[in-house]
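Chemist: Structure in structure tokens, see below.
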Amino acid sequence: MLNAVEPGTVVPIHRHPTKDESFVILRGKVTVTTHNDDGTIIEDVVLSQENGNYGVDIPRNVWNKVEALEAGGLECKVGAVVEHEVEGILEVKAAIKQEESKACLGYPEREQSRLKVKNEE
């Protein structure tokens, strides 16, 4: 499956528990960000022709967000479209968890990178 992402497109923090995800651009510029369970950023990667980073592989079950900065972003996914469950969207999951516990979320230090960047090297 292919998804085009244009400026202003933000794919909210989500994950796919059963499959890996790849994001590849043909032109333009996007930021791909991975997150901890509490929403803090682990890593962010800018994909563009300017910097030579053309794509990333995102392992299954890793929270991630995509934001289009320039025209031309194209996301590649293997297999059929699978609707997100509540557990697959971090904002919804976090809101439910916070409502149940009434606790503040912490901000631990960033974890080791989970993205495999594809570039021209």
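The values are calculated or read from the model by the stated rules, or taken from the named source; none is laboratory data. This one's a predicted model, so the numbers in the text were calculated from it and none came from an experiment. Because the Cβ atoms are built from the backbone with ideal geometry, glycine has one as well, and the counts that use them run over all protein chains shown.
Chemist: If the requirement is being outside any strand (DSSP E or B) and more than 15 Å from Ala4 (Cα to Cα), which of these qualifies: Glu43, Glu50?
Modeler: The conditions single out Glu50.
Chemist: Residue pairs, Cβ under 6 Å, 6 or more apart or interchain, first in the range 49-75 and under 9 Å from Val30 (Cα atoms) and free of Cβ contacts under 8 Å to residues at least 60 places away in the same chain, second hydroxyl-bearing (Ser, Thr, Tyr) and not in a loop (DSSP other than H, G, I, E, B). List them.
Modeler: Glu67/Thr31
Chemist: Looking only at residues that are modelled with pLDDT of 90 or more and more than 22 Å from Asn36 (Cα to Cα) in the range 51-60, which one is surrounded by the most Cβ atoms within 10 Å (Cβ to Cβ)?
Modeler: Result: Asn53.
Chemist: Additional query: So, in the range 1-40, how many residues would count as being polar (S, T, N, Q), at pLDDT below 90 and part of a strand (DSSP E or B)?
Modeler: Going through the range 1-40 one residue at a time, the tally reaches 2.
Chemist: Taking the range 61-74, which residues are surrounded by fewer than 17 Cβ atoms within 10 Å (Cβ to Cβ), in a loop (DSSP other than H, G, I, E, B) and modelled with pLDDT under 90?
Modeler: Passing the criteria: only Ala71.
Chemist: Something else: Is one or more of the residues making up the range 84-91 of a type in the set (Gly, Ala, Ser), within 13 Å of the chain's Cα centre (by Cα) and modelled with pLDDT under 70?
Modeler: yes
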